[in-house]
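Novice: Sharing a structure, written as structure tokens. Questions coming.
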Amino acid sequence: MTDVAARPNQPTMGTAVDIERARAVAEVQAAVVVAQQCPRDLQAALAAMRELTAVRAMADRAFFAYARAGSSITGPTIHLARELARVWGNVQYGIEELRRDDAAQVSEMRAWAWDVQTNTRSSSIFIVPHARDTKQGRKAIVDLRDVYENNANQGARRVREAIFSVLPAWFVEEAKDRCTATLRDGGGQTLAQQVAEIVENYETRLGISIDRIEAALERKSSSWTVHDVSSLRVKGGGIARGELVADEEFPKLRRTSAAEITGQPAASSSATSNEGAKSATTDEARARQAAAEASWEQPA
């Protein structure tokens with residue numbers, strides 16, 4: 001066993017912690033000095049925001065949309081928050097996993113945002129259960145990658161709110177209004193034309209019928225909003241790239257049988273076979289049936 005004292009150049013645990021603490025303090029001090037020496041240009045930030053929100057690709061990712069009780073719930077995304085923090089300038093943000101308890105199946109995390117120039121800071125500590133809510137109830141998450149992705153997803157929501165809390169409200173509201181205007185313009189297309197284009201792309205390129213889309217959004221296509229269309233556009237791209245699973249985003253519909261509608265029990269297999277035998281009353285019909293059955297039994 002090698003003696004630690006024989007390696008004087010290797011820092012001990014306490015020394016390593018002190019070094020990390022000193023590094024963090026120096027990093028904060030440097031950020032404050034840089035912010036004071038290079039303060040943000042308000043007019044340049046406004047111009048950058050207005051140019052950014054006029055881009056269709058940015059507007060598509062500016063809002064989330066999901067169905068709840070037949071209505072559409074929308075709001076600004078973490079993508080919009082990050083871009084606004086970037087163009088506003090002198091804003092830092094992040095998320096940290098403080099503690100993970102696999103026995104209790106929870107993670108303790110912290111999300112924060114800091115306007116270095118005005119020294120405005122927002123921080124929150126929260127608990128993330130290692131579970132996911134589904135339509136079949138809450139399901140535990142065990143896989144390490146799933147835990148990481150769940151923590152990152154929950155953390156992104158808190159970071160988004162932290163960023164928006166340190167940015168001026170008027171700056172955020174103007175950005176949201178301009179993104180909505182960009183979506184509504186649709187590159188010169190009306191909302192109805194955008195809906196028709198989305199439905200065609202989903203059906204022809206992804207093999208997802210409009211029935212499945214309407215079921216996922218919980219309303220007919222005639223009631224879709226520009227935020228719904230932009231969300232579908234982003235999801236469609238994710239499915240095409242293999243980042244999202246089509247059946248998870250738009251579950252296949254379960255067909256209701258006639259017996260379920262009328263409340264009558266389904267015919268038994270023996271009764272069905274008897275009816276089939278009665279219908280095949282001629283030799284020609286029996287021959288066609290035998291040939292069909294033979295073809296079904298051929299290997300693929």
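Novice: Given the condition closer than 30 Å to residue 44 by Cβ and in contact with an Asp or Glu (Cβ under 8 Å, 6 or more places away or on another chain), answer yes or no: does some residue in region 123-141 qualify? Even if it seems obvious, please write down each step before you answer.
Specialist: Narrowing region 123-141 to residues closer than 30 Å to residue 44 by Cβ: 123.
When the remaining residues are screened for being in contact with an Asp or Glu (Cβ under 8 Å, 6 or more places away or on another chain), the result is none.
The answer is no; no qualifying residue exists.
Novice: Also: Quick one: is residue 108 over 28 Å from residue 169 (Cα atoms) and in a helix (DSSP H, G or I)?
Specialist: Criteria not met by residue 108.
Novice: Another one. I'd like the residue in region 162-175 that is in contact (Cβ under 8 Å) with a residue 24 or more places away in the chain, assigned to a helix (DSSP H, G or I) and out of contact with any strand residue (DSSP E or B) (no Cβ under 6 Å at 6 or more places or on another chain) and, out of all such residues, is surrounded by the fewest Cβ atoms within 10 Å (Cβ to Cβ).
Specialist: Of everything passing the filter in region 162-175, 174 is surrounded by the fewest Cβ atoms within 10 Å (Cβ to Cβ).
Rundown of residues vs (1) in the same structural domain as residue 48 (by TED's automatic domain parsing); (2) not aliphatic (A, V, I, L, M), yes/no style:
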position	(1), (2)
116	yes, no
121	yes, yes
144	yes, no
153	yes, yes
160	yes, yes
163	yes, no
194	no, yes
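Novice: It is to be established whether one or more residues within region 121-140 are aromatic (Phe, Trp, Tyr), under 21 Å from the mean Cα position of the chain (by Cα), at pLDDT 90 or above and surrounded by fewer than 15 Cβ atoms within 10 Å (Cβ to Cβ).
Specialist: The answer is yes, given that some residue of region 121-140 is aromatic (Phe, Trp, Tyr), under 21 Å from the mean Cα position of the chain (by Cα), at pLDDT 90 or above and surrounded by fewer than 15 Cβ atoms within 10 Å (Cβ to Cβ).
Novice: Within the group 26, 16, 44, which residue is over 30 Å from residue 134 (Cβ atoms), part of a helix (DSSP H, G or I) and either modelled with pLDDT of 75 or more or assigned by TED's automatic domain parsing to the domain that holds residue 124 (or both)?
Specialist: Details: 26 fails: either modelled with pLDDT of 75 or more or assigned by TED's automatic domain parsing to the domain that holds residue 124 (or both); 16 fails: either modelled with pLDDT of 75 or more or assigned by TED's automatic domain parsing to the domain that holds residue 124 (or both).
Result of the check over 26, 16, 44: 44.
The values are calculated or read from the model by the stated rules, or taken from the named source; none is laboratory data. Since we're looking at a predicted model, the values are computed, not measured. Counting neighbours? That spans all protein chains shown, and the Cβs are built from the backbone with ideal geometry, glycine included.
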